[in-house]
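Undergrad: First the structure, then my questions, so here it is.
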């Protein structure tokens, strides 16, 4: 379901006035993105489910005090989600690894496919470990949850330009760690001669 910012603000106003149906639409719109963000930050799927529900309870409790002030509602909601994750991790000392996040996606993969996926995940996990905590969080909000830079900035309590900078540096670091640039720019080789293929002016 796609809802623009203006429609969200109308639903928020109606939910603040006690309209349960409006709050249900807000829940439907944000639930999947909130769950993806939380699942990327905690270890067990069951914890991600519980925390997602907790976040929406907190949203319901805090909704009467919400004021737009030109800030996207999604950013405000994800700040609650971020704080819930911080509190949980602080008490449980536990972070998600990529294996947990990927289990749901592997489904009926063959053993050979799972080996390849495991190798790729190990490489990505090692690359992610080189990022700062704020860079990992920016990546999770922007790409796992699909937030705009503005919404991610509100969730992190930072300026939009700062979040864009964190995102840019994180992507650059991941490209270096995963040697993506080298693979993309390496010369193609002729398999028969194992020599680089050079462009010619022949028709």
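The values are calculated or read from the model by the stated rules, or taken from the named source; none is laboratory data. Predicted, not measured: the structure shown is a model, and the values here were computed from it. Cβ atoms come from the backbone with ideal geometry, glycine included; neighbour counts cover every protein chain shown.
Undergrad: I'd like the residue in the stretch 1-18 that is loosely packed, with under 14 Cβ neighbours inside 10 Å and not in a helix (DSSP H, G or I) and, out of all such residues, is modelled with the lowest pLDDT.
TA: Among those that are loosely packed, with under 14 Cβ neighbours inside 10 Å and not in a helix (DSSP H, G or I), it is 1.
Undergrad: Just a yes or no: is a residue in the stretch 71-89 part of a helix (DSSP H, G or I), at pLDDT 90 or above and more than 17 Å from the chain's Cα centre (by Cα)?
TA: Looking for residues that are part of a helix (DSSP H, G or I), at pLDDT 90 or above and more than 17 Å from the chain's Cα centre (by Cα), one finds at least one in the stretch 71-89, hence yes.
Undergrad: Still on this structure, please answer the following. Of everything in the stretch 33-50, what is assigned to a helix (DSSP H, G or I) and over 13 Å from residue 77 (Cα atoms)? Give them in sequence order.
TA: 36, 39, 45, 46, 47, 48, 49, 50
Undergrad: What number of residues in the stretch 25-49 are exposed (fewer than 15 other Cβ atoms within 10 Å of the Cβ) and free of Cβ contacts under 8 Å to residues at least 24 places away in the same chain?
TA: 3
Undergrad: If you take the residues in the stretch 150-170 that are crowded, with 19+ Cβ neighbours inside 10 Å and either within 18 Å of residue 70 (Cβ to Cβ) or in contact (Cβ under 8 Å) with a residue 40 or more places away in the chain (or both), which one is nearest to the chain's Cα centre (by Cα)?
TA: That would be 152.
Undergrad: Restricting attention to the stretch 12-24, report how many residues are closer than 16 Å to residue 71 by Cβ and either without any contact (Cβ under 8 Å) to a residue 40 or more places away in the chain or in contact with a strand residue (DSSP E or B) (Cβ under 8 Å, 6 or more places away or on another chain) (or both).
TA: Looking only at that region, the number is 1.
Undergrad: Follow-up. Select from the stretch 38-49 the residues that are at pLDDT below 90 and within 13 Å of the chain's Cα centre (by Cα) and list them in ascending order.
TA: The answer is 39, 40, 41, 42.
Undergrad: Given the criteria more than 18 Å from the chain's Cα centre (by Cα), assigned to a helix (DSSP H, G or I), at pLDDT 90 or above and under 19 Å from residue 145 (Cα atoms), does residue 25 qualify?
TA: So residue 25 fits the description; yes.
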